Amino acid sequence: QVQLVESGGGSVRPGGSLKLSCEGFGLTHNNYIWGWYRQAPGKERELVATFSTTGTTNYGGSVEGRFTMSRGDGKNLVYLQLNSLNPEDTAVYYCRARTGMEDYWGQGTQVTVSA
C-alpha cells in the first residue's frame, strides 16, 4: 500500500519560516515526479513546486524566490523550505508523487501564518 506522509506544518508569524517533509512508503518505481501543492480555504488546490522530467524545479508564481523544493537522502523523501511567509500562504500543503500511470497524494499538513 502506497502512503505519502507529510510533516513539519505549524503556525508562524509573518516573515517566519517552516520546513515541510514528505516521505513515500510502498512506492515501486524510481521515476516518480514529486510535487508540492496547497489549498487555502475556499480556493482550488494550486501548484507550489514540482520537479520536472528534465531535472529542473518549477514554482508557482506567488512562491518563487521564497520557497525551495529539494530531495532528501532517500529517493522517496522530499522537502519544501518556506521562507518569508505571509498570511496568504496559509493553506493545507500536500505532496504528490506521480508517474504516467500512478498518482498518489499525502494527507496534507496545515500551515498557518498570522500575527
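Observations on the structure shown:
- For the range 12-51, the fraction of alpha-carbon pairs in successive 5 Å shells from zero, as %: 6, 13, 18, 23, 21, 9, 6, 3
- Take the chain with all the other protein chains still there, run a 1.4 Å probe, and you get 54 Å² of accessible area per residue.
- Label zone at SER7 (point 7 Å along Cα-to-Cβ), backbone N below 18 Å, the range 73-94: 73-82, 93-94
- Its residue count N fixes a reference of 2.2 N^0.38 Å for the chain, and the Cα radius of gyration divided by that reference is 1.02.
- Relative contact order, percent, the chain [alpha-carbon distance under 8 Å, six or more residues apart]: 37 percent
The values are calculated or read from the model by the stated rules, or taken from the named source; none is laboratory data. These numbers were taken from a predicted model, which means no experiment stands behind them. Cβ coordinates were reconstructed from backbone atoms using ideal geometry, including for glycine residues, and neighbour counts include every protein chain displayed. We work out accessible area using only protein heavy atoms, side chains counted, and drop any ligands, DNA or RNA first. Shrake-Rupley method; radii C 1.70, N 1.55, O 1.52, S 1.80 Å.
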